[in-house]
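Trainee: Pasting a structure below so you can have a look.
The values are calculated or read from the model by the stated rules, or taken from the named source; none is laboratory data. For clarity, every value in this text was computed on a predicted model and none was experimentally measured. Note that each Cβ is placed from the backbone with ideal geometry, even for glycine, and that neighbours are counted across all protein chains shown.
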Amino acid sequence: MNKGYYELEDVMRVLKKSRSTIIREANAGKIPSEGEKRNRKYPKEAIDALAAVQKKREKSNQPTLIFSPSSPGDLWQEVSIGRELYGDDDIVPYQTLLEWNEVNDNICMSLKYQNKVVGYSSLMPINEDVIISLINDKIRERDIPPEAIRQWTDPNISVYVCSVTVKPTDNPTRDSERAGIIIKNTIKWALSLDRQLKIKNWYGIGATEKGQHLFESLGFQEIVSLYNGERKGYYIDSITKPVSLVNRILERLTTVPTVSLQRVKPGDINNPLLCPTRICNERNQDTSTSKS
């Protein structure tokens, strides 16, 4: 082989493309070549340059943030994040999450950065009497029995907005962007559920000022106020009714990456839940923080 040129097999190896693709792209002028088709040569300098640019392109397009259904491994990471933020008394034990997951495995979503959970959210179809006990602080989330969890295909279900959590880092800008991603895609997830399923009511608890503000911005009505307003329960019968309010929230997050809604298991009528599964790129690529 001439040192200044590659053979076809070498080009296939360097560019990681099939023989037919190399020939087709060479004929179209996309890959530099010299000579007739049967005796074609490929300039080594040009092919190496193409490979270097291709590698940079693939690296820059590599997905970094994924919002998708939580696996059992993801759930364990979520427990660890919750324990770090809230302590053992205010988190749902891992075994309980697994028991819930056995009943309905489409209730938790996680935001992952390089396969590590950095945030999560949960929408749970639960018996309404259990939700009422929750918002009145008669029971805690860890007390929800698996038998109280419903299937998304059940008629006239009530949904409890269980959690929207971000793992904090030492980069407030990154934390804010990740929070925006989770909020925006959880809202879109909820809207898709409300459109396609027979959901009777939505409930949630605002235990912080930001949480209360978000529920109220989405049109939820306050129905319970405890501990001098530090903990409030909210209700709405359809999140698609206050369309202008919902659109306003989404408009505020127009700079936040979003994901398309795709079926978890296409064609499976037992799993009609539309879940955000496509990949979004994180604007800030710095991985120097200790907790990312």
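Trainee: Quick check: anything in the stretch 19-40 exposed (fewer than 11 other Cβ atoms within 10 Å of the Cβ), in a helix (DSSP H, G or I) and under 28 Å from the mean Cα position of the chain (by Cα)? So that I can check it myself, show each step before the final result.
Mentor: Residues of the stretch 19-40 that are exposed (fewer than 11 other Cβ atoms within 10 Å of the Cβ), as a first pass: 20, 28-29, 35-39.
Retained after the next criterion (residues that are in a helix (DSSP H, G or I)): 20.
Going one step further and asking which of them are under 28 Å from the mean Cα position of the chain (by Cα), we end up with none.
No, every residue in the stretch 19-40 fails to be exposed (fewer than 11 other Cβ atoms within 10 Å of the Cβ), in a helix (DSSP H, G or I) and under 28 Å from the mean Cα position of the chain (by Cα).
Trainee: A further question on this structure: I'm trying to understand the selection: among the residues of the stretch 84-101, which are touching a strand residue (DSSP E or B) at 6+ places or on another chain (Cβ under 8 Å) and among the hydrophobic types (A, V, I, L, M, F, W, C)?
Mentor: Hits for the stretch 84-101 are L85, L97, W100.
Trainee: Working carefully through the options E78, E45, find the one that is modelled with pLDDT of 90 or more, among the acidic types (D, E) and within 13 Å of V118 (Cβ to Cβ).
Mentor: Just a single option satisfies the conditions, and that option is E78.
Trainee: Of all residues in the stretch 84-109, which are surrounded by fewer than 17 Cβ atoms within 10 Å (Cβ to Cβ), farther than 19 Å from I182 by Cβ and not acidic (D, E)?
Mentor: G87, P93, Y94, Q95, L98, V103
Trainee: Is it true that some residue in the stretch 60-81 is over 30 Å from I107 (Cβ atoms) and under 40 Å from the mean Cα position of the chain (by Cα)?
Mentor: Yes, there is a match, as at least one residue in the stretch 60-81 is over 30 Å from I107 (Cβ atoms) and under 40 Å from the mean Cα position of the chain (by Cα).
Trainee: Consider D74 carefully, then state whether it is touching a residue at least 12 places away in the same chain (Cβ under 8 Å), charged (D, E, K, R), in a helix (DSSP H, G or I) and out of contact with any strand residue (DSSP E or B) (no Cβ under 6 Å at 6 or more places or on another chain).
Mentor: No.
Trainee: Are there any pairs with C-beta distances below 8 angstrom linking a residue in the stretch 15-34 that is closer than 19 Å to R57 by Cα and at pLDDT 90 or above to a residue that is assigned to a loop (DSSP other than H, G, I, E, B) and not basic (K, R), with the two at least 6 apart or on different chains, and if so which?
Mentor: Partner pairs satisfying both residue conditions: L15/I31; I22/I31; E25/I31.
Trainee: Looking at the stretch 13-36 only, could you name the residues that are closer than 21 Å to K55 by Cα and either acidic (D, E) or touching a Ser or Thr at 6+ places or on another chain (Cβ under 7 Å) (or both)?
Mentor: Within the stretch 13-36, E25, A26 qualify.
Trainee: Also, I was wondering about something else. Pull up the stretch 128-187, narrow it to residues that are charged (D, E, K, R), outside any loop (DSSP other than H, G, I, E, B) and touching a strand residue (DSSP E or B) at 6+ places or on another chain (Cβ under 8 Å), then point me to the one that is surrounded by the most Cβ atoms within 10 Å (Cβ to Cβ).
Mentor: R178
Trainee: Would you please name the residue that is farthest from the chain's Cα centre (by Cα), looking only at residues in the stretch 110-130 that are under 21 Å from G180 (Cβ atoms) and hydrophobic (A, V, I, L, M, F, W, C)?
Mentor: Filtering the stretch 110-130 for residues that are under 21 Å from G180 (Cβ atoms) and hydrophobic (A, V, I, L, M, F, W, C), the one farthest from the chain's Cα centre (by Cα) comes out as L123.
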